[in-house]
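Remarks on the structure that follows.
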Amino acid sequence: MKLPGKVSIGKVVINKQVEIILAQNAARLRVALQHATGERSGPEEGSDAWLLLNALISSDDRPALIARFEQSGRALAEQGGKLETRIQGLQSYVDTLARECSELFNDAQTGPYLVMEATSRLYQLQSLCLSALTRGYQGVIDRALLERQQMERHLQHRLQALQRINSVSNSTTDLDQTLEIIAGKAAEELGADYCSIFFYDELQRALTLRATNGPRPLGGMHYMLHLDEGYSGWVANKGRPLLVRDALAEAQFALEARACGPEYRGLLAMPIIFFGDVERLIGVISVQSLEQRDFTAEEMEFLEVVAGIIAINCENGRLYEQTDEQLRRKVHELATIHRVSGIIASTLDLDRVLQIIATQAVQLSGAERSCIFELDSEKKHLRIVSHYGLNSAEVRGIQVPVGQCCAGRAVLTGQPGMAIDCFHTDEECFIRQDPMISSEIHSVLCVPLEVKSNILGCICIYSSHRHQLTPEQMQLVITFANEAAIAIDNARLYEETRRGLELKSILLRELHHRVKNNLATVAGLLSLQRRRTRSPEVRHILAESVNRVQGLAATHDLLSHEDVSEARVDDIARKIVGVANANLRPPESCITFEVEPCPIVIPSRAVAILGLVLNEMVSNAIEHGIAGMPEGNVTISGREEGGIVIVEVLDTGKGPPLPFEEESGEGLGISLIRNLMGDIGGQFMLRRTSETPARTCAEVRFPLLTRRPLQP
């Protein structure tokens, strides 16, 4: 190799010189790496910086270096570390060593070649380290992905098996046939040779074989085991799973393991228990294998789910057989409650709700009359607010003290009460005042109306039959009363809220109206002052102030007539355009204003700010954009993009001088716009459009705080 300055150095010599110089400056390089890592000492032995430095100084053991980085990549992936961060750290070490090499090899003749050799070696090491690190990292990721995919396929297969078993269990197939299918599918899924299902007979306190997927013991389907006999009896007696590697090795289990002919060794047995209000043993399901086998916890969980499916299916069958009529009655009662609840919740008008409750209570209970009492918590008495089947003239004005009559006692105790022929003995009963009705009524049920431990009153149901309601009928009426109490409470809350909102709306409209009048007065005073001043500059400033005040007054005028809490963007724009057209348009100019439809609704705080900002932008368009022109056009548009409201004012004027610097020399108007937009998290920009002819566009953007559309 020929070097400048007639210095000839061989490749081997250059490599040797590089290694010698690097070894002589190893301490310096370690200090540089220490600064790069930000540590007080180091680099730590075995770290990336340490490995890289040693490999740079001596290139004798490259395979070991690659192996170390591959192992490091695998450890990084197993610990959930980020490869990008590791690579960035390695890159910082390489950059640091590259800078140090450039400073070390600064000889005028041989320096460039030594630097080239050192950096070439450094970058080769970087490539090797990155490849090894990435290879180790990706290997773990690929292996984990493969294991995950295999696990997902396995779980998917198990899930499909459970779905098939559940589908069979829920079918209309005969129970014995269903159990046979379940036994076959369970054995197939677990790879077992045999599956048996025993049912427990509570009267005989014994287990009877109901299904298998293979041979049956001597005695066929009448094969029985007592509690604690065999492994099935043991599981039934203990109520917990049994896992045995070799059932033949256990004397207690060997007899059952040989009962079917083949001798089964591996065993997994699971109790079939229905976990309801009271745990009930249904039976035992077990799977066996001809060879010794340790069933896994996952296989035990699968069999437990199968046992749960069988338990639920059997319990459902038992309930259907024993309580078919009762279930139908329950369904009818629940449907009735659902229908009645839907009716009483169909309106929030309090009087209507009360009348619906009184009517539906009669239809639900099969009685003839009902009435609803409201509690006056201060006066401690009840008054009738709604009734069905009673004389309105007779019940109007009736007050029942708390604690008296059936209704008063129900409110006092907070408990429902039922009485028969109490009207003849209870002198405080208001029903006695009407002999025609009292002679026809023989039983009464009073249920308190309670919401969140607060008694609102009670509902009384009167019947001409002398009988006590069953607990189920009583619970049905109580459930209805609870629903009725919630409906009454909701209707009251709605009525109170509606009145409060109406009052608030009136007050806010009056407030906006008065603010508008005050602003109009201020604008009038400023206008009077403008006419009296002789200074053109002062007159111009006062004119701008009048326009701003009138713009703000226009927004308050809008809020005083519309919804006090919000307004449409285009309505605000029309108000501002009307003010600006009246105050700022020169008489000799023909300026056309256009407000595009924009149904976006913004809250009242943003309304006031947008009104001021639009006023400034329209004023600038008239006074600066179209000034000196015989005619022009000003267009205001608005839209929403990703929750951001964008309002633009475009004019056909000559535009600002180019290049336009927004931050330099801005006047009061632009400063006011920026400050106001900053209050609601918005932005302002001024630009020329790319269309032909170009227009000046003043644009503001701010977050949309409400999305409810407002009809024009």
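The values are calculated or read from the model by the stated rules, or taken from the named source; none is laboratory data. Quick caveat, the model's predicted, so the values are computed rather than measured. Quick reminder, even Gly has a Cβ in these numbers, built from the backbone with ideal geometry, and neighbours come from all protein chains shown. These area figures cover heavy atoms from the full protein model, side chains too; ligands, DNA and RNA do not enter into them. Shrake-Rupley method; radii C 1.70, N 1.55, O 1.52, S 1.80 Å.
Annotations
- Global form of region 210-269, assessed from the alpha-carbon gyration tensor, a/c cut-off 1.5: oblate
- Subtracting the Cα-Cα distance of H222 and D351 from their residue separation scaled by 0.36 nm leaves 39.6 nm.
- In this rough spin-label picture, where each label sits 7 Å from Cα along the Cβ direction, the T521-Q91 distance is 6.9 nm.
- Site pair E84 and R498 shows an inter-label distance of 5.7 nm when each label is modelled 7 Å from Cα along Cα→Cβ.
- Its Cα gyration tensor gives region 36-163 an equivalent ellipsoid, and the semi-axes of that ellipsoid, as √(5λ) in whole Å with the largest first, are 42, 14, 11.
- Net length gained if the chain between R639 and R688 were fully extended (0.36 nm per residue, minus Cα distance): 15.7 nm
- Alpha-carbon Rg/Rh ratio, for region 188-227, with Rh computed the Kirkwood way: 1.04
- Backbone geometry of region 303-309 corresponds, through the Karplus equation with coefficients 6.51, -1.76 and 1.60 at θ = phi - 60°, to 3J(HN,Hα) couplings of 5, 5, 5, 4, 4, x, 4 Hz, x marking Gly and Pro.
- The 3J(HN,Hα) values that the Karplus relation (6.51, -1.76, 1.60; θ = phi - 60°) gives for region 131-145 are, in residue order, 5, 5, 4, 5, 4, x, 5, 5, x, 5, 4, 5, 5, 5, 5 Hz. Gly and Pro appear as x.
- Inter-label distance for A393 and I141, nm, one decimal - labels placed 7 Å from Cα along Cα-to-Cβ: 9.1 nm
- When T208, T296 are compared by accessible area at a 1.4 angstrom probe, the order from most to least is T296, T208.
- Distances between placed amide hydrogens fall under 5 Å for R695 paired with T689, all partners being 5 or more residues away or on another chain.
- Taking a Cβ cut-off of under 15 Å around E631, the surrounding Lys, Arg, Asp and Glu residues balance to a net charge of 0, with basic ones at +1 and acidic ones at -1.
- Based on the reciprocal of the average 1/r between different C-alpha atoms, the Kirkwood radius for region 355-394 equals 10.9 Å.
- Applying the Karplus relation 6.51 cos²θ - 1.76 cosθ + 1.60 with θ = phi - 60° to region 346-361 yields 3J(HN,Hα) values of 6, 8, 10, 6, 4, 4, 5, 4, 4, 5, 5, 5, 4, 6, 5, 4 Hz, where x marks Gly and Pro.
- Once the C-beta distance of N316 and A75 is scaled by a Förster radius of 45 Å, the resulting FRET efficiency is 0.25 to the nearest 0.05.
- Extension reserve of the E250-L290 stretch, reckoned as 0.36 nm per residue once the Cα distance is removed: 12.9 nm
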